[in-house]
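Accompanying notes for the structure given below.
Nothing in this text is a laboratory measurement; each read-out follows from the coordinates by a stated rule. Predicted, not measured: the structure shown is a model, and the values here were computed from it. Positions of Cβ are backbone-derived with ideal geometry, glycine not excepted, and every protein chain shown enters the neighbour counts.
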C-alpha cells in the first residue's frame, strides 16, 4: 500500500536512521531503497535539508506530532517545496521508538498559488485603472490630471517620486507638469530640463518609443557615464522607470517613477506605468477639447461605466463557476469549467454582435448545440417562431442549454449513435415554452442525487424567471422550460456569427512546426498544450514582436498562431513577415471586431478543436 501512493512514507528510529522507506523515495533520490534504509537522515537528506527540519525531528522523537512546510534542498533530489508530517511511534511504556514521516511535494501547488496571486494583483490594478479613469474625468486641467494620476501611481508602486513630463517639438527639452513626491523630496515642476543631461543613450531610447527601465543608474550602460551621474545624484535618484508616448511619430510626453535606492522593477509594474501614461494623455486631450468633445466624454463615461459593470459581472460569474464546479480530477474539472466558460463566451459574442440588444433564440440554440451536429447526421432538430432573448437573460439561458446538452452527451440521447434531440418552442398565453425532447438514447431514470449541473440549471432558471420540469421517460428526457420574462416575439436582423469548422483534417498538424505568439503567459501555455496534443512541434511561445521576428528568421516554421495585440503593439509586422515567406497563420484575439482581413480570426476563448481545425486548414500565398 505504501508503494502505491506518490508521497514519501518512511519510518525513522530513535538513532535517526531510516528503517523503512516506500518506493517514492527511489524516484526522488534516484537510488534503490536498500541504499537508503539503514542510513541516517543527515546522510540521505544532506546537511542543508536536515538542518531545516532538525527541530521537527527532535520534537517527533520527544513524542510530539508536528508538521513542517517549506522549501528544502535535498542532496540528490534538488529544491522542493514540501509538507512533511511527523507522527511519533510511542511504546506502551511511553518510550519513543522512532517516528513515521509522510512527505508531500507541494511545489506545483505553491507555483499555482503564486501565479494566482500575480493575476489577482493584475486584476486589482485593472479595476484601479477604471476607477482612476473616472477620477481623471473630473479634472479640467492637464496639470491636475497629471498630479492625481501620479499620486495614485506612487501609492500603488510605493515609489519616492512619480512625474508626468511633456517634451518640446525638437525632443530636446522636457518640462514636468505634474508630479507626486515624498516628504523632503525636491519639486521638479517648473523650469524645463535638457533631456540629454540624463544620458543621451537613455534619451535616445525615449525618443525612439522604448520603455526605459533602470535598476541602478550607476550600473546601467545608458546612465553610468561620469558626466551623467551628477544629474541623478542632484535629484537623489538611483532607480527609475520612464515610459514614453509617441504621437504622430515623435516623443510628446513620458511618465516616470523614481526610487532613491536600487530597485528591480517587475514587468507588471512597468506595464502599469504604461497604462497610466496612456490614461493621462487621453484625459489631457479631453481636457483641452471644446464643448463637443466634452459631450463626447460624457458619452464615453457612460459607455465605460457600462463596460465596467458588464465586465465585473462576467468576472463574478466566472469566479463563481471556478469555485462551485466540483473537482473530481483535473481532466473532469478542466472539461466542465471550460465548457461553462465557453458557453458564457458564446452568448457574450452573440450579444456583442447585436450591440447588446438581445440574441435570437435560434442562433443561441444553434451555437450551443452545433458540436452535436458535426457528424452531419442531423441529430439535433430545432423548430419555433422568431424569438428575441433579452441581453439580461441570454447568458443564463445559454448556461441552461449548455448543461442540458452536456448531460445529453454524457448520459442521454447524444451519448450513443442514433440518438436524437428535438428542441421546439412556442408562445402559450404570453409565456415562451421550450420543449427539450431526447429520443433513441439509453433508458433514463430520475437521478437520486442532484449534481452541480442540475443545481446550476435550477438556479439559472430562477434568474430567468422560468419554470422547469423534467420528465425522465424511458425513451429519453423531456424537459419543459417556461419563460415568464426575458423573451420577446421576433428577432429581426439578429444573425448568428459564422462558425469556425470544428473537424480537423486527418493528421492535420502532425509534425508541423507551429510558432505561438501570445503575450499572456497562461494563454500561451494552454495554446502550446493544445497544439502538442494535436501532434505539432511548438516553436516559442514568444510574447513580443521582436522575439517573434527573430524566430521567423532563425527557425523552421510551418504555421503560426498570432495574438493581435502584444503589450499594446499590433502583431502586423509578424503577420507580414510570415506572409512574405508563404507561412500560413491564424489570428487569435479578444477583440470582437479586430479589423483584420489577411487571415482567419478566432475569438478568445476558442475551443481546441476550432484552433486545430483553423490552423490545419489554413493555406497562405506570398504577398
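Computed over the stretch 86-199, the quotient of the alpha carbon radius of gyration and 2.2 N^0.38 Å is 2.04.
Going by how many other Cβ atoms sit within 10 Å of their own, how do 25, 11 line up, fewest first?
Numbers: 25 23, 11 19.
So the residues, fewest neighbours to most, are 11, 25.
In this entry, the stretch 539-605 is assigned a mean projected area of 4.3 nm², taken as a quarter of its C-alpha convex hull surface.
Just rank 563, 3, fewest to most, by other beta-carbon atoms within 10 angstrom.
Fewest-to-most Cβ neighbours within 10 Å comes out as 3, 563.
Could I get the Rg over Rh figure for the stretch 2-105? Both from C-alpha atoms, Rh via Kirkwood, rounded to two places.
0.94
For the stretch 120-288, the Kirkwood hydrodynamic radius comes to 16.0 Å, computed from all pairs of different C-alpha atoms.
Going by neighbour counts of Cβ atoms within 10 Å, the residues 281, 427, 436 line up, fewest first, as 427, 281, 436.
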